[in-house]
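Working notes for the structure below.
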Amino acid sequence: MDMELKKVGDLEFPPRKVWMKTYGCQMNYHDSERILSHLSNLNFTATAEQSEADLVIFNTCAVRDLANQKFYSHLGETKKLKTHPDINPETGMKKDVIVAAGGCIAQTEGKDLITKYKQLDFAFGTDVIDNIGEMVYRAYAGEKKFSVTSWDRSENYSIETKITQGSPQAYVNIIKGCDKFCSYCIVPFTRGREKSRRLTEIVTDVKRLVEYSGVQEIMLLGQNVNSFGKDNNESLAQLILELDQINGLERLRYTTSHPYDVTDELIAAHAQAKKLVNHLHLPVQSGSNTVLQRMLREYTVEHYLTLLEKMRKANPEMIITTDIIAGFPNETEEEHLETMKLLDLAQYDFIYGYTFSQRKGTKAARMSDVLTDDIRLRRLREIQDKQLFIQGKIRQEMIGKNYRILVEDKGINKGITKWTGRTSCNRIVHFEPLTLEQDYKWHWVDVEITSATALSTQGRFVRDHGKRPL
Ligand code: SF4
């Protein structure tokens, strides 16, 4: 139908479907949303069914081994989209599907991917996602097998946040890249050097999201988010205090922080800013100073613990979560026990624990190493078991208290319908609705916690504030 065609340049774009798979961190999810938004200009809408797709995009992650393996396995499966001999329109399998890979793996291995995987039409890096429309255009214009992995060399970093879903939560990227070069991490190679947006641009961006898109909760994003503004003589604390003034914005979060860049000014902002949540994710990675040195983390355990103490003094409601790597190259049993001890001292609400895995091109990948997978897994289990014990005790203290949650979704477990939301401190709470017909999606609801274990928190419905908190 002509009405539905969109003319762009020399090509006509009929309505088409794009299927996207995103791996890894929130930054990748943020990038995926940008990509979808750009593609809507070429008449694409998103589909959850790969078999319906005209365009298949993988937004890859190079940080975690598991995400890496999943991507290669999913990419392998797309071969059939191009080579199926009996393509039948009724099956929904389309002959002329375009397959693309973007993100961190594509940034460092774009050309190799294109050569190795016949089904891949193009690859694109992390710094060119705003040119996705141009690349898709080139593919539809008949250009075959290309890779775009250049870096944006401009001095300024200026974007406008794109959102595609009508959710009151939005990611807002405020700084890209990372200058830290931790010895195990591939991010500085896949995301480039740090570059911050200007504070005034972000404030305008957030005001627009709140006023015109109904956004109420913002997550400020960056690989090293609290390094924001160093290049412009601005700071994350200043930005938080400005955003805190925006009417209609209810909650403000930020991730991921580096302990080296937690300043007294930022700690003070946690006491001052009313909309800033009572949660800080502060990756420690190890409880051993000697391991931290080998990781090139630029802080000591003592400094880290002092930061937690100051944060909790500034805001006694503050809960802290962290990342820990078990079995860094040549980690001794004593060094591992120092991490176990840190868990007691830090009293984390939650940890993301991983075993060390080598990332090609990093310093840690060149370290000779005596540890086996069995040792790494055993140490991770010990860390997780201890944390679950601590976490279970901390969560018990929630029982009997009221929390306001923003409800995100519902699910059915053993025939019982429960809605799920997050507290200001990012804890997930489940509650049963008063009636099954009641739709609480994106409502602000008060719940009283009735039971809590290390991994699950249940509440009793108290009050529904609707889509705007009272
Ligand atoms: S701070 Fe370290 S771990 Fe975090 S992104 Fe930068 S290099 Fe990677």
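The values are calculated or read from the model by the stated rules, or taken from the named source; none is laboratory data. Since the structure is predicted, the reported quantities are computational estimates derived from the model, not experimental observations. Cβ placement follows ideal geometry from the backbone for every residue including glycine, while neighbour counts extend to all protein chains displayed.
Figures for the structure shown
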| item | result |
| --- | --- |
| Out of THR450, THR435, sole residue that is over 28 Å from the mean Cα position of the chain (by Cα) and either at pLDDT below 95 or not β-branched (Val, Ile, Thr) (or both) | THR435 |
| Residue check, GLY177 assigned by TED's automatic domain parsing to the domain that holds GLN238, small (Gly, Ala, Ser) and in contact with a Pro (Cβ under 8 Å, 6 or more places away or on another chain) | yes |
| Residues (farther than 17 Å from PRO188 by Cα and in a loop (DSSP other than H, G, I, E, B)) located in the stretch 362-377 | MET367, SER368, ASP369, VAL370, LEU371, THR372 |
| Listing of helices (runs of 4 or more DSSP H) fully contained in the stretch 178-268 that carry 2 or more residues being away from the ligand (no atom under 16 Å from the Cβ) and surrounded by 21 or more Cβ atoms within 10 Å (Cβ to Cβ) | 199-213, 236-243 |
| Only listed residue being in a helix (DSSP H, G or I), farther than 27 Å from ARG381 by Cβ, within 16 Å of the ligand (Cβ to nearest atom) and among the hydrophobic types (A, V, I, L, M, F, W, C), chosen from LEU292, LEU307 | LEU307 |
| Within the stretch 126-145, tally of residues that are without any contact (Cβ under 8 Å) to a residue 60 or more places away in the chain and touching a helix residue (DSSP H, G or I) at 6+ places or on another chain (Cβ under 7 Å) | 1 |
| Flag for SER357 being within 20 Å of VAL284 (Cβ to Cβ), buried (at least 16 other Cβ atoms within 10 Å of the Cβ), of a type in the set (Gly, Ala, Ser) and in contact (Cβ under 8 Å) with a residue 12 or more places away in the chain | yes |
| From the options ILE267, ILE246, residue that is out of contact with any Ser or Thr (no Cβ under 6 Å at 6 or more places or on another chain), in contact (Cβ under 8 Å) with a residue 40 or more places away in the chain, closer than 22 Å to ALA314 by Cα and not assigned by TED's automatic domain parsing to the domain that holds VAL128 | ILE267 |
| Residues of the stretch 63-78 satisfying the condition of being assigned to a helix (DSSP H, G or I) and either over 18 Å from the mean Cα position of the chain (by Cα) or touching a residue at least 60 places away in the same chain (Cβ under 8 Å) (or both) | ASP65, GLN69, TYR72, SER73, HIS74, LEU75, GLY76, GLU77 |
| Filter pass, ILE174 being more than 16 Å from the ligand (Cβ to nearest atom) and crowded, with 17+ Cβ neighbours inside 10 Å | no |
| The stretch 5-62, residues that are at positive phi and either under 21 Å from the mean Cα position of the chain (by Cα) or crowded, with 21+ Cβ neighbours inside 10 Å (or both) | GLY24 |
